[in-house]
Amino acid sequence: MKKQRTHIPNEVSRQIKVEAGHQCGIWRCQITSHLERHHIDENPSNNDPDNLILLCRQHHAMATAGEITKLEQKEYKRKLKEMLIPRIKLYPDEKPILKQVDLNYPFDSGLQTKYEREEYELRWSSEDKLARRIDLDGWEYAFQDLPDGKRAILKGPNGELTLIAKKKQ
Ligand SMILES: [Zn+2]
């Protein structure tokens with residue numbers, strides 16, 4: 001049976017690129033040009049984000065040839081996902097943008113799924129509880145990566161709620 005190739009949705013494509021930091025997903029490769037999206041299971045219609053990894057041309061060819069096995073590709077993919085949240089924490093001085101959204105936005109935008117995959121819990125916090133949760137209770141701001149490389153902290157309606165995240169115990 002001929003394999004059916006389906007278009008990778010833009011949102012999935014963006015997620016894959018941001019996850020890899022716009023460079024080849026093979027650990028330490030660091031190539032940033034001619035990046036291609038590779039289907040780990042070799043099924044070109046399986047556009048599940050977990051099945052896609054961003055690779056440079058050479059590593060893509062190696063993956064297709066089986067020189068980098070599927071199991072190894074999955075390991076690299078897992079490494080990328082583990083890196084995702086620590087990278088967010090890497091630049092504490094960078095001023096994030098405050099973005100006002102509705103309460104369903106974290107879910108509808110895929111942000112909640114992204115955090116849950118990293119085993120983080122998300123919650124809206126009222127302003128009066130925010131300092132306590134961040135400073136004392138182990139919560140942190142939940143960030144959304146923006147296409148221009150900046151990051152946003154999400155505020156609920158009227159700016160009265162802030163989206164925060166905490167690693168599940
Ligand atoms: Zn590479």
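Computed from the coordinates by the stated procedures, all read-outs in this text should not be read as laboratory data. These numbers come from a predicted model, not from an experiment. Cβ atoms come from the backbone with ideal geometry, glycine included; neighbour counts cover every protein chain shown.
Taking loop as defined by DSSP and a crowding limit of 16 other beta carbons within 10 Å, which trypsin sites (Lys or Arg not before Pro) in the stretch 1-49 fit? The qualifying sites are Lys2, Lys3, Arg5, Arg28. Note on Glu75/Asp128: beta-carbon distance plugged into 1/(1 + (r/R0)^6) with R0 of 35 Å gives a FRET efficiency of 0.20. Per residue of the chain, the DSSP helices (runs of n ≥ 4 H) give a summed -39500 (n - 2.57) that works out to -10000 deg cm²/dmol at 222 nm. Here, the stretch 97-167 has an Rg and a Dmax of 11.5, 32 Å when only alpha carbons are counted.
Once you keep just the Cα pairs under 8 angstrom separated by 6 or more residues, what percentage relative contact order results for the stretch 10-82?
Numbers: 90 pairs, mean separation 24.4, N = 73.
Once divided by the residue count of the stretch 10-82, the mean separation gives 33 percent.
A crude spin-label estimate for the pair His7 and Asn158, with each label 7 Å from Cα along the Cβ direction, gives 4.1 nm. The C-alpha atoms of the chain define a longest principal axis, and helix 10-19 lies at about 80 degrees to it.
Estimate the FRET efficiency between Lys99 and Gln30 by the formula 1/(1 + (r/R0)^6), using the beta-carbon distance for r and 25 Å for R0, to the nearest 0.05.
Working: r = 30 Å, r/R0 = 1.22.
Given R0 = 25 Å and the Cβ-Cβ separation, E is 0.25.
The three principal axes of the C-alpha atoms in the chain carry coordinate ranges of 57, 31, 31 Å, sorted with the longest axis first.
Relative contact order of the chain, taken over Cα pairs closer than 8 Å and 6 or more residues apart, is 18 percent.
Take every Cα pair under 8 Å in the stretch 97-167 that's 6+ residues apart, average their separations, divide by the length, and report that relative contact order as a whole percent. Please list the in-between numbers first.
Values: 107 pairs, mean separation 31.5, N = 71.
Relative contact order for the stretch 97-167 comes out at 44 percent.
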